[in-house]
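The values are calculated or read from the model by the stated rules, or taken from the named source; none is laboratory data. Here the structure is a predicted model, which is why all the values come from computation and not from measurement. Cβ sites come from the backbone with ideal geometry, for glycine too, and all protein chains shown count toward neighbours. Remember, those area values only see protein heavy atoms, side chains included, never the ligands or the DNA or RNA. Shrake-Rupley method; radii C 1.70, N 1.55, O 1.52, S 1.80 Å.
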Amino acid sequence: MPHLRFPEIDGQRGFATTSQLLAAGWTYSALSHLVATTGSRVLPRVYLPHQSHVDADDITVAGWLWAGHDTALTGTRALARHGLALTAFSPITRFLTRRNGRNRETIHGMELRRTRRAPRASVRDDVAVAPVERALVDAARYKEASARDLTGWTIAALQRRLTTLDRLDAEVTASGWIGLGAVTDGCAAFRRGAWSLPEATLGTLVAEDPRFPRMLPNPRLEDESGVLIGRPDGYFEEEGVVVQVHSRAFHDGEAPDGRDRWNATVQADNRYTAVGLAVIGVTPTALAESPTRFLDELAATLVTHRGRAPKGVRVVLDAPPGDKSG
């Protein structure tokens with residue numbers, strides 16, 4: 001058998017499809033020989049010139065080659081490619097197509113689904129992916145994660161401006177609403193001012209407890225000169241009490257600018273106390289597992305500080321969603 005060169009195709013991570021190999025001069029018998037000797041067929045119609053281990057990210061690329069270049073990755077795998085930090089993934093990697101055929105095809109953890117509303121895809125990390133709003137809705141529709149995770153990812157996507165409320169509302173409406181409660185809950189929490197799932201939990205707990213006055217979510221606090229003091233997770237204006245949800249997920253490690261995240265968090269809290277504000281910290285774990293204890297402590301703090309709000313602090317409520325200063 002003459003020596004055949006395995007093609008190296010940009011953006012395919014070393015994979016090649018049957019049609020690409022045939023175009024490069026390979027024959028079906030040569031492909032059978034490749035699989036029997038030094039190469040591998042990782043999915044139907046998708047080959048590698050070696051038998052080395054392939055990681056999950058590369059397998060997703062192979063899945064797209066199997067599904068076809070006119071398809072789009074959706075669900076949790078697409079959300080990860082958009083940059084969302086996920087805590088869970090579906091065991092099924094789903095692709096959408098408008099082509100006629102069976103409603104769905106599945107093979108080795110890959111699924112090709114037919115849809116009448118094929119999304120406008122963009123290529124990310126060598127795979128065409130559906131927009132964030134479609135990926136979130138599909139992740140909810142196919143039950144790829146818990147409701148809590150889906151709500152949190154929806155808030156995170158909105159906070160990071162990966163999508164918008166208008167686009168999410170349109171996608172939910174077009175998809176028929178059924179099974180999409182976690183996504184709509186995330187939209188509702190974001191509309192109320194929450195920038196993360198723990199903040200949404202905080203807002204709900206406070207709003208449902210009759211002991212508390214209104215807590216302002218993520219207000220911009222300035223001094224008398226208009227200089228930013230900070231944007232706390234929650235603020236009780238009459239009492240001058242700031243509530244901060246301190247999560248390891250956001251406050252550990254190093255920020256993109258090289259700053260230590262935890263040190264920056266402590267310094268930010270110090271700016272509140274420097275102008276006479278009281279700061280109450282709580283973790284997401286405490287909000288989830290022992291909310292009563294935290295609410296009792298917060299209620300006692302508000303009683304102690306009632307009428308003691310510093311006069312040199314101004315509240316600005318129209319700060320746009322985005323990364324908090326400090």
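When region 291-308 is examined, which residues are found to be in a loop (DSSP other than H, G, I, E, B) and at pLDDT 90 or above? Scanning region 291-308 gives a single hit, R306. Residues in region 110-147 that are without any contact (Cβ under 8 Å) to a residue 24 or more places away in the chain and part of a loop (DSSP other than H, G, I, E, B) were compared, and the one that is nearest to P91 (Cα to Cα) is T115. Filtering region 37-58 to residues that are under 20 Å from H108 (Cα atoms), free of Cβ contacts under 8 Å to residues at least 40 places away in the same chain and open to solvent by 50 Å² or more (accessible area, probe 1.4 Å) leaves R41, R45, H50, Q51, S52, H53, D55, A56.
What is the number of the single condition among (1) closer than 19 Å to L86 by Cβ; (2) at pLDDT 95 or above that T164 does not meet? The single condition T164 does not satisfy is (1). The listed residues are A78, A72, A88, A130, and the only one of them that is at pLDDT below 95, under 24 Å from V183 (Cα atoms) and of a type in the set (A, V, I, L, M) turns out to be A88. When every residue of region 8-16 is checked against the conditions, at least one turns out to be without any contact (Cβ under 8 Å) to a residue 60 or more places away in the chain, outside any strand (DSSP E or B) and small (G, A, S). Assess whether A200 counts as being open to solvent by 20 Å² or more (accessible area, probe 1.4 Å) and outside any loop (DSSP other than H, G, I, E, B). Considered against the rule, which asks whether it is open to solvent by 20 Å² or more (accessible area, probe 1.4 Å) and outside any loop (DSSP other than H, G, I, E, B), A200 comes out as no. Scanning region 157-174 for residues that are touching a residue at least 40 places away in the same chain (Cβ under 8 Å) and open to solvent by 30 Å² or more (accessible area, probe 1.4 Å) returns R160, R161, L162, A174.
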